[in-house]
Amino acid sequence: QVQLVESGGGLVQAGDSLRLSCAASRRTVRAYAVGWFRQAPGKEREFVAAVSWSGGTTNYADSVKGRFTITRDNAKNMVDLQMNSLKPEDTAVYYCAAKWDGIAWTSGLYNFWGQGTQVTVSS
């Protein structure tokens, strides 16, 4: 069992930056791929970014490509999501999730989930 805890959300203005962090409870998380997803009110949960267990492979949704960066530090059991040039449409609850093997874009393939952190971007 892996427990994930997100932090770093908040209220910012359009154009600002935020850094979300996902802390894992166990060192074994370094064997998992980790993804960030988000869910806005009335919308389905959507893929944002993912990183492989080694950190060597990353993938981003087109809507955040060039603005968001996902990184991981396996020594600290942490995965971060740096979000720059935020837009009002980035407003959502952001979740981190972990899965065995390679990264995936489908939320149903992830085995462990955090509780989420709210990001609100005002115009």
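The values are calculated or read from the model by the stated rules, or taken from the named source; none is laboratory data. Just so it is clear, the model here is predicted, and its values are computed rather than measured. For neighbour counting, all protein chains shown are included, and Cβ atoms are generated from backbone atoms with ideal geometry for every residue, glycine included. Just so you know, the surface numbers come from the protein's heavy atoms only, side chains and all, with ligands and any DNA or RNA stripped out. Shrake-Rupley method; radii C 1.70, N 1.55, O 1.52, S 1.80 Å.
Atom-type composition of the exposed protein surface of the chain places 47 percent of the accessible area on carbon and sulfur (1.4 angstrom probe). Net length available on complete extension from Ser52 to Trp100 is 16.3 nm, with 0.36 nm assigned per residue and the Cα-Cα distance removed. A 1.4 Å probe run over the protein chains yields, for the chain, 51 Å² of accessible area per residue, whole-number rounding. Note that segment 40-97 shows a convex hull volume over its alpha carbon atoms of 88 Å³ per residue.
Using alpha carbons only, the radius of gyration of segment 4-60 set against its Kirkwood radius gives Rg/Rh = 1.00.
Expressed as a whole percent, the proportion of Cα-Cα pairs in segment 1-106 lying more than 18 Å apart is 43%.
With the cut-off at under 14 Å, measuring from each backbone N in segment 56-81 to a point 7 Å along the Cα-to-Cβ line of Ser7 picks out 76-81.
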